[in-house]
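To start, the structure under review is shown below, and the notes come after it.
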Amino acid sequence: MRRAVPWIAGALVLGALLRLWNLGPQILGDDELHAVRAALTHPVSRILVTYQKSDNTIPLSAAFRLVLDAGAKLTEWTVRLPSVLAGLLLLLLAPWWVARRLGARTAVVFAFLLAVSPGLVFYSRIARSYAPIVLLAFGALACFEAWWRRPAAWRWGAAYVGLAALAVWFHLGAAPFVVAPFLFATGDAALRRDRRGFLALVALGAATILSFLIILVPAWDSLSVLIQEKKGALHLSWSLAKSLVLLGAGSSRLWVAILVGAAAAVGLAKLFRTDRRLALLSVTAVLGHLAGLLYLAPLGHESPLISFRYVLIALPWVLLWVAAAFHREGKGPALAAALMVAGLIWAGPFLDPLLARSSFAHHNDHMALMWPRPVLRPEQVPRFYADLATESAPGAVLEYPWVAVWQLNRAFYLYQEIHGREVVVAPARALLADDRLAFRNMVPGTPEGFLASRARWLVVHRNLAQEEGRIPPDMVIDPRHRNLLRVFGHRMTGRLRKNWGEPDYLDRRIAAWDLDRVRATHSQAAR
């Protein structure tokens, strides 16, 4: 074990680097803001008993509201902290458990797989509930396994109950995974005719149900409505299955996904020979979770990105099977770990320099590894952005109007790939301009907010819907958002021309002001 410690520590450092790289400049967008909106608009007493269709995550929303009630402001780091901590703790605790359970050699390869898995890396950076439930569910299953080996050790059973309940509280979609171990244990007890073990299992099941009721019953009115709204018809396709396999493997290359799948199959077969009960438990949890999702058919599951969020909870166990395939008695883990890490980094998204510098690394277009990103033709790019790329003066670009829906905001990240500067956004809607927010990368969409930002340049898009509509593939923008983008851009352009004078750059699509010049002018006028 001592010889493996430096390797596991190296995996932790690598994983932390990937999870923290360029995280500070990232724009919060889309689902990341559900919990923020809930915290801004509802007291803790209501948050704790209300499920919303937007999946705001009750414990995260309540925690953010408590921060606000304490007089502090929400920052991007505050909002992302639960996910980042969960991702780092998984890197630390999961390999430690595997080392104790399966040996140091398997643990080393497993640690590196966790470190470089694009799915685990991305969701450890994104301010959502998925990284926390991956950690909680892994811990729940590990505790269940320890308890089932020694049912008299009720501390492990109690830990399982607590972790399983927390996982379900963070996201209802965790329920199939954390209850699936009971299927394995029931079958195992029946095969061994273990009456005492079966009775202990019943007791643990009762405690688990009670823990679920404690967190679900107070919110039952909204939960029952949510279940009806979220339950949909099952839509399966080979395209969806292929996309999920690619996302799980973390590569757009099908042959890479096939190799990872083959390694998982080989590793699972080896695990069956060396630790049959752990192999059966992990298979039951993974397949039970998939069966539960098929039955629930949650709204939007036909989208690969949405379905992948639901199955992410099982990914560490599939990676454990892959790690088991590289175990060789009497041989060190160095070569296997090095080859696996190098291969996955090469085949995955992390060597893409555009992603490494982007302020929109969590955009759906970056997350969807199986689909090509849009590419702009030269005539689609305002000349201002090309000129900005050669401008020597430093400073970020402030884009307005911002609507926090990824599919409505492709232009901003594509323009950033041309000018190469950090991006700050200003929302069109007033809620995200709340003075209880102290976001560094999102500022109030007002002249005062623009001038108080860290940006050097302000770009107001006069009709952003038209720009977005010309980006391939064609996307239908609903009339409400189309009107919002057109009206807000037009009004702000007129307002700033009246208050600040003519822009430094103007064409039919954008108006841009040098904020340093405007600040200096206002400063002189104030004197």
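The values are calculated or read from the model by the stated rules, or taken from the named source; none is laboratory data. Predicted, not measured: the structure shown is a model, and the values here were computed from it. Heads up, the Cβs are rebuilt from the backbone with ideal geometry, glycines too, and the neighbour counts pull from every protein chain shown. In case anyone asks, the SASA skips ligands and DNA or RNA and just uses the protein heavy atoms, side chains included. Shrake-Rupley method; radii C 1.70, N 1.55, O 1.52, S 1.80 Å.
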Original post:
Computed from the mean reciprocal separation of all distinct C-alpha pairs, what Kirkwood hydrodynamic radius does segment 426-527 have, in Å?
Top reply: 14.8
Subject >> Rounded percent of accessible protein surface that carbon and sulfur make up, segment 191-239, 1.4 Å probe >> reply: 68
**OP:** Express the carbon and sulfur contribution to the solvent-accessible surface of segment 1-80 as a percent, rounded to the nearest whole number, probe 1.4 angstrom.
**Re:** 65
Original post:
So what are the ³J(HN,Hα) numbers for segment 107-120, from phi and the Karplus equation (6.51, -1.76, 1.60; θ = phi - 60°), rounded to whole Hz, Gly and Pro as x?
Top reply: 5, 5, 5, 4, 4, 5, 5, 4, 5, 10, 5, x, x, 5
**OP:** Would you mind calculating the relative contact order of segment 1-141 from Cα pairs under 8 angstrom and at least 6 residues apart, reporting the percent as a whole number?
**Re:** 35
**OP:** Please give the length that would be gained between Leu506 and Leu210 if that part of the chain were fully extended, namely 0.36 nm times their separation in residues minus their C-alpha to C-alpha distance (nm, one decimal).
**Re:** 100.2 nm
Original post:
Which value, in Å² and to the nearest 10, is the accessible area of Arg470 when all protein chains are kept and the probe is 1.4 Å?
Top reply: 110
Original post:
What accessible surface, in Å², does a 1.4 Å probe find on Val245, ignoring ligands, DNA and RNA and rounding to the nearest 10?
Top reply: 80
**OP:** Starting from the Cα of Leu183, step 7 Å along the direction of its Cβ; do the same at Thr41; then give the gap between the two resulting points in nm.
**Re:** 3.8
Original post:
Once every DSSP H run of n ≥ 4 in the chain is given -39500 (n - 2.57) and the sum is divided by its residues, what mean residue ellipticity at 222 nm do you get, rounded to the nearest 500 deg cm²/dmol?
Top reply: -20000 deg cm²/dmol
Original post:
Sorted by accessible area (1.4 Å probe), largest first, how do Arg456, Arg486 line up?
Top reply: Arg486, Arg456
**OP:** Report the accessible area of Phe170, computed with a 1.4 Å probe over the heavy atoms of all protein chains in place, in Å² rounded to the nearest 10.
**Re:** 40
Original post:
For the chain, what is the percent of antiparallel DSSP beta bridges, rounded to the nearest 5?
Top reply: 40
Original post:
Hey, which lysines would be in cross-link range of Lys498, C-alpha to C-alpha under 27 Å, not counting anything within fewer than 8 residues on its own chain?
Top reply: none
Original post:
Hey, what did the chain get for relative contact order, percent, Cα under 8 Å, at least 6 apart?
Top reply: 16
**OP:** Could you work out the relative contact order of segment 430-514, using alpha carbon pairs under 8 angstrom and six or more residues apart, expressed as a whole percent?
**Re:** 31
Original post:
How far is helix 5-20 tilted, in degrees, relative to the longest principal axis of the Cα atoms in the chain, given as a value from 0 to 90 rounded to the nearest 10?
Top reply: 30
**OP:** Please state, to two decimals, what the Cα-based radius of gyration of segment 382-435 comes to when divided by 2.2 N^0.38 Å (N = residues).
**Re:** 1.24
Original post:
In terms of solvent-accessible area of protein heavy atoms at a 1.4 angstrom probe, what is the ranking of Met370, Met475, Met492, highest value first?
Top reply: Met475, Met370, Met492
Original post:
Largest first, how would Arg196, Arg377, Arg128 line up by accessible area (1.4 Å probe)?
Top reply: Arg196, Arg377, Arg128
**OP:** Please calculate how many Å² of accessible area segment 3-60 carries per residue, with a 1.4 Å probe and no DNA, RNA or ligand atoms counted.
**Re:** 40
**OP:** Give the Kirkwood hydrodynamic radius (Å, one decimal) of segment 153-249, defined as one over the mean of 1/r across all pairs of different Cα atoms.
**Re:** 16.0
